[in-house]
Amino acid sequence: MAGTEYTPSWPGFQRLESVQEVLDRNKLLISEINRNHELRTPESLLRNVTLIRELNGNMATVVEAYRQLATLIDIPGSAPAANQQ
């Protein structure tokens, strides 16, 4: 299968790919926020407000995606205490 890319077919794979895209975007946002912070100009600090809001929204998206992924994965011993026997 040389030259053929393997694509996993489990239900959460596409969601995991989208999480990675958000994390990559967050890395860029954090770099820009740091640069703006070092500049300390009113414009750059004002821009950071917008960037930090986007970063915060992205983190909420990542948390929700991981929560949804966790429902797809059966991990032994991970059941809530009320369901354990």
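Values in this text are rule-based calculations from the coordinates and carry no lab data. Please read these numbers as outputs of a predicted model, since none were measured by experiment. Cβ placement follows ideal geometry from the backbone for every residue including glycine, while neighbour counts extend to all protein chains displayed.
What FRET efficiency comes out for the pair N26/D74, r = Cβ-Cβ distance, R0 = 35 Å, nearest 0.05? Walk me through the numbers before you get to the answer.
Numbers: r = 29 Å, r/R0 = 0.83.
For R0 = 35 Å, the calculated efficiency reads 0.75.
Hey, what do the phi angles of the range 44-53 turn into as Karplus ³J(HN,Hα) couplings, whole Hz, using 6.51/-1.76/1.60 and θ = phi - 60°, x for Gly and Pro?
5, 5, 5, 4, 4, 4, 5, 5, 5, 5
Taking 0.36 nm per residue of sequence separation and subtracting the Cα-Cα distance, how much length would be gained by fully extending the chain between L51 and F13, in nm to one decimal? Display every interim value, and only then the final one.
On the way: separation 38, 0.36 × 38 = 13.68 nm, distance 2.80 nm.
Full-extension gain reported as 10.9 nm.
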